[in-house]
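Here's the structure, in structure tokens; my notes come after.
The values are calculated or read from the model by the stated rules, or taken from the named source; none is laboratory data. This one's a predicted model, so the numbers in the text were calculated from it and none came from an experiment. For neighbour counting, all protein chains shown are included, and Cβ atoms are generated from backbone atoms with ideal geometry for every residue, glycine included.
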Amino acid sequence: MRSRFAAFKRSDAAWLLRTWHPSTRPDGLDLGDNPRWRGLQIVDVAGGGADADSGVVEFRATYLQDGGELGILHERSRFVREDGRWYYVDGDLVG
């Protein structure tokens, strides 16, 4: 989760696509209108332990909108582990 947030912050579409599960990964990712991501708060984690094949991460990510207003993305993201690597599957917005 933290590496994906850092990739969004850097507008690193290649990393985001590499860490996205093939079953839900888009063909491409345009980050041209990517906001200025500021911070990440992990709210809750379910599963995802050393022997787990799946997990859920609830997070809040803050960003600056055009005009300087602070925005918050609050999501519960699902991840799966395959061949020792974690992949983002999808997420549901909270709130």
- line: Checked segment 34-65 for anything modelled with pLDDT of 95 or more, of a type in the set (Gly, Ala, Ser) and closer than 20 Å to Arg85 by Cβ; matches are Ala46, Gly47, Ala52, Ser54, Gly55
field: Pick from segment 48-64, criterion closer than 28 Å to Ser11 by Cα and among the hydrophobic types (A, V, I, L, M, F, W, C), ranking: surrounded by the fewest Cβ atoms within 10 Å (Cβ to Cβ)
entry: Leu64
message: Going through Arg36, Arg2, Arg60 one at a time, which residue ends up being within 22 Å of Gly95 (Cα to Cα) and in contact with a Leu (Cβ under 6 Å, 6 or more places away or on another chain)?
response: Arg36
message: Return the pair list, or none, for Cβ contacts closer than 8 Å from residues in segment 16-37 that are part of a loop (DSSP other than H, G, I, E, B) to residues that are surrounded by 10 or more Cβ atoms within 10 Å (Cβ to Cβ) and of a type in the set (Val, Ile, Thr), at least 6 apart or on different chains.
response: His21/Val80; His21/Val89; Ser23/Val89; Thr24/Val89
